[in-house]
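Engineer: Have a look at the structure that comes next, please.
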Amino acid sequence: MTKTQERVPRDIWWSGRAREAGFDSAEAAAAALGLQRYRLEQIYRAATKELVDDFSAISVLSTDLRKHLAARFKLSSIALEREVTSKDVQTTKFLFALADGKEVEAVLMRHREGRTTACISSQAGCALKCDFCATGQGGFFRNMTALEIFDQAVHVARRARQDKLGLTNLVFMGMGEPFLNYDAVMDSVALLNDGQGFNLGARHITISTAGVVPGIEKFAKEGVQINLAISLHAPDDVLRTGLMPINKKWPIATLMEAVKEYVAATNRKVFYEYLMLAGVNDRPEDARQLADLLGGPLHHVNLIPYNATDAPYRRATPAAMRRFQDILRERGVPSTIRHTMGDDIAAACGQLRVDALTQAHKAG
Ligand code: SAH
């Protein structure tokens with residue numbers, strides 16, 4: 001296994017771009033184009049630091065070289081298909097096509113408190129079939145490459161820049177399960193994190209997992225400051241298995257053991273995502289059970305309002321969410337009630353793709 005610190009961002013970027021252009025390696029591409037090392041550096045910087053979207057705009061290169069490069073390489077492995085902004089202008093959702101036509105989504109969130117967050121995908125589709133999730137309902141297509149993952153962040157950052165905003169945070173909470181595409185995700189993190197390039201600090205990046213235990217164990221050994229979020233959604237196995245089939249493979253006790261080891265190894269706080277579904281997991285006894293489960297100091301629960309999909313669930317009421325939070329607070333468990341963003345544009349995981357499919361059906 002390559003540790004994140006040993007992943008060299010510029011090499012990851014160039015070997016990806018070279019492969020997309022049909023070369024075996026970055027070296028082969030550089031040799032074919034007569035590119036010297038410093039040129040590779042200049043182009044990498046222009047693309048990842050200055051967020052240039054076209055070779056013609058890289059002014060440190062000669063016009064000839066720019067043309068040459070544009071004929072062989074692309075600066076992005078993803079193409080924007082659709083972009084929708086919510087009425088309150090806080091949320092913009094993007095649907096991208098990968099080179100083979102598979103579709104993935106990303107979201108830009110302009111928080112009122114000043115943060116600007118990108119939410120990106122790690123797989124085209126998802127194999128985990130969580131009952132409440134639109135992505136799972138659509139099935140799994142394939143893993144994304146490190147560059148496909150990273151290029152979403154570049155696109156979202158460029159879009160934020162149009163509004164004079166800089167990205168402050170990034171979450172792996174779009175389509176897919178990051179820990180089932182571990183290496184590509186860690187390579188993309190190295191790219192995001194590169195001080196010479198995209199330069200987003202590790203503490204501002206969060207990886208969210210449905211509970212892939214071997215992934216959590218590996219991640220604990222990375223020695224990085226990236227945040228870990230666990231999609232828990234239920235405090236007991238019967239309930240959780242009903243919502244998330246992955247719980248059969250790694251039940252709550254196994255999951256919590258891995259999280260405990262992660263906390264011991266990193267001394268970092270763990271975030272728990274808890275989707276609030278009316279009458280399913282929002283009862284006072286669920287809150288009490290959840291508090292009992294989360295022993296120890298380093299945790300924070302995010303209580304998330306459900307975004308409607310085709311699944312037969314309803315969003316918990318604000319009163320139920322407050323009651324749930326009160327019980328957690330009484331038991332010393334810190335939590336935040338997340339407000340919904342992008343409700344009117346179906347901004348939850350996998351929903352835009354489903355929307356596009358429905359519209360295509362209607363049109364056809
Ligand atoms: N597979 C990873 C990351 C992608 S999902 C994971 O499970 O954590 C990101 C988050 O969105 C998860 O917490 C997921 O449970 C949540 N989510 C999925 N569908 C949702 C919906 N309809 N409404 C609100 N949150 C949803």
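Engineer: Need one value: the accessible area of His68 in square angstrom, 1.4 angstrom probe, rounded to the nearest 10.
Structural biologist: 100
Engineer: Can you give me the P(r) profile for region 83-188? Cα pairs, bins 10 angstrom wide beginning at 0, each as a whole percent.
Structural biologist: Values per bin, smallest distances first: 16, 47, 31, 6.
Engineer: With both partners inside region 269-316, how many of the DSSP beta bridges are antiparallel, as a percent to the nearest 5?
Structural biologist: Around 10 percent of the beta bridges assigned by DSSP in region 269-316 are antiparallel ones.
Engineer: Still on this model: Compute the accessible area per residue over region 1-148, keeping the other protein chains in place, probe 1.4 Å, unit Å².
Structural biologist: That works out to 47 Å² for each residue.
Engineer: Using Cα springs under 10 Å in a Gaussian network model of the chain, which residue among Gln289, Gln137, Gln152 shows the largest mean-square fluctuation?
Structural biologist: Looking only at Gln289, Gln137, Gln152, the largest GNM fluctuation is found for Gln289.
Engineer: Sum -39500 (n - 2.57) across every DSSP H segment of at least 4 residues in the chain, then divide by the residue count to get the 222 nm mean residue ellipticity, nearest 500.
Structural biologist: -12000 deg cm²/dmol
Engineer: Also, I was wondering about something else. With a 1.4 Å probe and all protein chains left in place, how much of the accessible area of region 78-363 comes from carbon and sulfur atoms, in whole percent?
Structural biologist: Percent of accessible area from carbon and sulfur atoms in region 78-363: 52.
Engineer: Relative to the Cα centre, what is the charge dipole magnitude of the chain, using +1 at the beta carbon of each Lys and Arg, -1 at the beta carbon of each Asp and Glu, and rounding to the nearest 20 debye?
Structural biologist: The calculation lands at about 560 debye.
Engineer: If each Cα of region 1-132 is one equal point scatterer, what is log10 of I(q)/I(0) from the Debye formula at q = 0.16, 0.20, 0.22 Å⁻¹?
Structural biologist: -1.02, -1.26, -1.34
Engineer: Please compare each pair in Lys129/Lys260; Lys67/Lys164; Lys129/Lys248; Lys129/Lys221; Lys49/Lys102 to a cut-off of 19 Å on the Cα-Cα distance and tell me which ones are over it.
Structural biologist: Lys129/Lys260; Lys67/Lys164; Lys129/Lys221; Lys49/Lys102
Engineer: Indicate, rounded to the nearest 5 percent, the antiparallel portion of the DSSP beta bridges found entirely in the chain.
Structural biologist: Once the DSSP bridges in the chain are tallied, antiparallel ones form about 50 percent.
Engineer: Projecting each Cα onto the charge dipole of region 78-363 (Lys/Arg +1, Asp/Glu -1 at the beta carbon, about the Cα centre), which of Ala134, Gly332, Trp250 comes out farthest on the positive side?
Structural biologist: Gly332
Engineer: For region 1-67, report the convex hull volume of the alpha-carbon atoms normalised per residue, in Å³, without decimals.
Structural biologist: Cα convex hull per residue, to the nearest whole number: 103 Å³.
Engineer: Here's a follow-up. Restricting things to Cα coordinates, could you compute the convex hull volume per residue of region 131-197 in Å³?
Structural biologist: Cα convex hull per residue, to the nearest whole number: 110 Å³.
Engineer: Then there's this: Quick one: compute the contact order of the chain, relative version, from alpha carbon pairs under 8 angstrom and 6+ residues apart, as a percent.
Structural biologist: So the answer I get is 15 percent.
Engineer: Using every alpha carbon pair in the chain, what percent of pairs falls into each 20 Å bin from 0 up to the bin containing the largest distance?
Structural biologist: Bins of 20 Å from zero give 29, 56, 14, 1 percent of pairs.
The values are calculated or read from the model by the stated rules, or taken from the named source; none is laboratory data. Values in this document were obtained by computation on a predicted structure and should not be read as measured data. Here the Cβ is made from the backbone with ideal geometry for all residues, glycine too, and neighbour counts use every protein chain on show. What goes into the accessible areas is simple: the full protein's heavy atoms, side chains included, and nothing from ligands, DNA or RNA. Shrake-Rupley method; radii C 1.70, N 1.55, O 1.52, S 1.80 Å.
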